[in-house]
Amino acid sequence: MTKGCVYLVGAGPGDPELLTVKALRLIKEAEVVVFDRLISQEIQDLIPNGATRIFAGKTPGRHPLRQEEINDLLLRLARSGRRVVRLKGGDPFVFGRGGEEAEHLARHRAPFEVVPGVTAAAGCSAYAGIPLTHRGLANTVRFITGHGKDDTDIDHDWPALVAADCTLVVYMGLGTLERIAASLIAAGMPADTPAAAIENGTTPAQRQEIGTIADLPGRVRTCRLAPPTLIVIGKVVSLADALAWFHPVTEGTCTEAHVAA
Ligand code: SAH
């Protein structure tokens, strides 16, 4: 690990065993770790005792540190000659603003490296038993955000997103799920297209709801799913039952619990 270099490190979706060998080594060698809200406690516990921890997390609608402040902080830390790890949930270059941080460092000629991580789409779908592609069900995957630029309205070309053999993965889509579902159906997606919402994927607190694009918003409301939740839409979701292998402590869908009660 080089002093004065900022390592933009993906921490994966939560399960500490999904850290890469490289991510684990860099965390253990770090002098400063700047991390986000999505970094699980178990992963935070791997940060050495002597290292400085800086929380740069964002909560929806509230930004404790603005992105420009994080960019400047990383630059200052790099210039102070310390071993800096910028730890991000999932993969730093997938809806993680890692690109913006790298741009800032590059612009100011500060050395940086990027360490990919298991992105939520890969991690959560694997732990939910949903292959993102599957012969005969999906030959394309698209990752989209449920948030627009500057957290404003989402603005997608909805008809372009509706394709029979495509799996759609929506990041940050919990708050706008109703609108996303309505827009997809209006653009021609069959209302009975299977859809899943996975909360706290890959952790012992994982909960998931499986339904259709038409009824998922209602299910998610009933179960009060909270962020971080990933939405997966497409025929591949129909495999979730048959391929279920991960049995967290909170096992069982909330809807089943309601029916049983
Ligand atoms: N860079 C991250 C994504 C950051 S955007 C990555 O590559 O995974 C944050 C969104 O990611 C959340 O709103 C949620 O949709 C999704 N997400 C991240 N971790 C998750 C998890 N453990 N369970 C469910 N969704 C998750």
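Quick notes on this structure:
- Structure remark: mean-square fluctuation, Gaussian network model of the chain, C-alpha springs under 10 Å; the largest value among Ala214, Ala138, Ala186 belongs to Ala186.
- Acute angle (nearest 10 degrees) that the helix 67-79 long axis makes with the longest principal axis of the chain, alpha-carbon atoms: 40
- Within the accessible area of the chain (1.4 Å probe), percent carbon and sulfur: 54
- Within the chain, antiparallel bridges make up roughly 45 percent of the DSSP beta bridges whose residues both belong there.
- The range 120-260 - share of DSSP beta bridges that are antiparallel (%, nearest 5): 70
- Net charge of neighbours whose Cβ lies under 13 Å from the Cβ of Asp165, counting Lys and Arg as +1 and Asp and Glu as -1: +3
- Surrounding net charge for Ala138, when Lys and Arg each add one and Asp and Glu each subtract one, Cβ distance under 15 Å: +2
- For the pair Ala242 and Asn139, label points projected 7 Å from Cα toward Cβ lie 2.0 nm apart.
- Förster-model FRET efficiency, 45 Å R0, Ala187 and Glu29, C-beta, rounded to 0.05: 0.40
- In degrees, nearest ten, helix 98-107 long axis to first principal axis of the chain (Cα): 30
- Under Stokes-Einstein, with the Kirkwood radius over Cα pairs as Rh, the value for the chain at 20 °C and 1.002 mPa s is 111 µm²/s.
- For Asp215, solvent-accessible area (1.4 Å; no DNA, RNA or ligand), Å²: 60
- For the chain, size of Cβ-based charge dipole, Lys and Arg +1, Asp and Glu -1, in debye: 880
- Heavy-atom SASA rank of Val84, Val162 (probe 1.4 Å, accessible area, largest first): Val162, Val84
- With θ taken as phi - 60° and the Karplus curve 6.51 cos²θ - 1.76 cosθ + 1.60 applied, the whole-hertz 3J(HN,Hα) list for the range 133-147 is 10, 7, 3, x, 10, 8, 10, 9, 10, 10, 9, 10, 9, x, 10 Hz, x standing for glycine and proline.
- Beta bridges per DSSP with both ends in the range 5-115, % antiparallel, nearest 5: 10
- Measuring between their Cα centroids, the range 178-239 and the range 1-60 lie 30 Å from each other.
- Other residues whose C-beta falls under 12 angstrom from the C-beta of Ile185 contribute a net charge of -2, scoring Lys and Arg +1 and Asp and Glu -1.
- A probe of 1.4 angstrom, applied to the heavy atoms of all protein chains, finds Met1 with accessible area near 60 square angstrom.
- A crude spin-label estimate for the pair His108 and Asp72, with each label 7 Å from Cα along the Cβ direction, gives 0.9 nm.
- Lysine pair count for the chain with Cα-Cα distance under 26 Å and sequence separation of 8 or more or different chains is 10.
- Excluding ligands, DNA and RNA, the accessible surface per residue across the chain is 48 Å² with a 1.4 Å probe.
- Within the range 1-69, the trypsin sites (Lys or Arg not before Pro) that combine a DSSP coil assignment with at most 14 other C-beta atoms in a 10 angstrom radius are Lys3, Arg37, Arg66.
The values are calculated or read from the model by the stated rules, or taken from the named source; none is laboratory data. Remember, it's a predicted structure, so these values are computed and weren't measured experimentally. Here Cβ is always computed from backbone atoms with ideal geometry, including for glycine, and neighbour counts include all displayed protein chains. Surface areas here come from the heavy atoms of the whole protein model, side chains and all, with no ligands, DNA or RNA. Shrake-Rupley method; radii C 1.70, N 1.55, O 1.52, S 1.80 Å.
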